[in-house]
Amino acid sequence: GDSGVWRSSTGGQSFNDLNQTLSITQFQAVGLHPTNPNLAVGGTQDNGTALYTGGSLWDQGRPGDSGASFFEASNPVTIYTVARFQSVRRSDDAGKTFNLIATGLDPSDRVLFYPPLIPDPSQPGVLYLGTHRLWQSRDRGDHWSVLSGDLTGGGSGSISALAVAPGNSQVLYAGTSDGLVRVSQDGGRNWLATASLPNRYVTSV
């Protein structure tokens, strides 16, 4: 199964975990601790938000799916992840528990199974999430507001990559699953399209 290989010698009454020496987890993203090289967090396919504390093993934090995962740079006991679609979650206890932080998001938006979720590197507590529009939270994910209209070419496109310019929070970038890259130089109020690109999925900006 997605969680590896298990064996039962009791006719299915109980199962033994045979995965301690198997490297089979599919990572969607990895976030490094800002100061401690022995700490990391990873978003994985069907195996949840995994925590690394040194050595060769990762421990599963929350179960299920996880995409983008990262520490809050100014307070790394806080960890963010997006489980799937708009299930943005935050841990305030170094990954022991995660709580949903999706107030204000529109569940009818077109959105990838693993949407892009990023922090603003210059403004602690400011987060961005991409659906077919760009969303921003200024209070560590407690509340969200929409910054843009549809940044895709329409149809079934969704935002697939986001970036904030280092040192200038007014400059935002968005790439889409239908091959568009857009830039805003005023904090998301107005957007310009880049030069014409092939109709391909943008994986990073």
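The values are calculated or read from the model by the stated rules, or taken from the named source; none is laboratory data. The structure presented is a predicted model; accordingly, all values stated were derived computationally and were not measured. With ideal geometry, Cβ positions are generated from the backbone for all residues, glycine too; neighbour counts draw on all protein chains shown. All accessible areas refer to the heavy atoms of the entire protein, side chains included, with ligands and DNA or RNA removed. Shrake-Rupley method; radii C 1.70, N 1.55, O 1.52, S 1.80 Å.
A few notes on this one:
- Summing charges over neighbours of GLY64, with a neighbour being any other residue whose Cβ is under 11 Å away from its Cβ, gives 0 when K and R count +1 and D and E count -1.
- Judged by the mean number of other Cβ atoms found within 10 Å, the most tightly packed of the peptides 108-114, 184-190 leads the ranking 108-114, 184-190.
- Ordering VAL82, SER56, SER184 by the projection of their Cα atoms onto the charge dipole of the chain, which places +1 on the Cβ of Lys and Arg and -1 on the Cβ of Asp and Glu, puts SER184 at the extreme positive end.
- Carbon plus sulfur fraction of accessible area for the chain, probe 1.4 Å, in percent: 51
- Estimated distance in nm for a label pair at PHE113 and ARG7, the labels positioned 7 Å out from Cα along Cα-to-Cβ: 3.1
- Annotation for ALA165 and VAL146: the two label points, set 7 Å from Cα along the Cα-Cβ direction, are 2.6 nm apart.
- Relative contact order for the chain, counting Cα pairs under 8 Å that sit 6 or more residues apart, in percent: 10
- Per residue solvent-accessible surface (Å²) - the chain, probe of 1.4 Å: 51
- Length gained when the stretch THR35-ASN190 is fully extended (0.36 nm per residue, less Cα-Cα span): 52.2 nm
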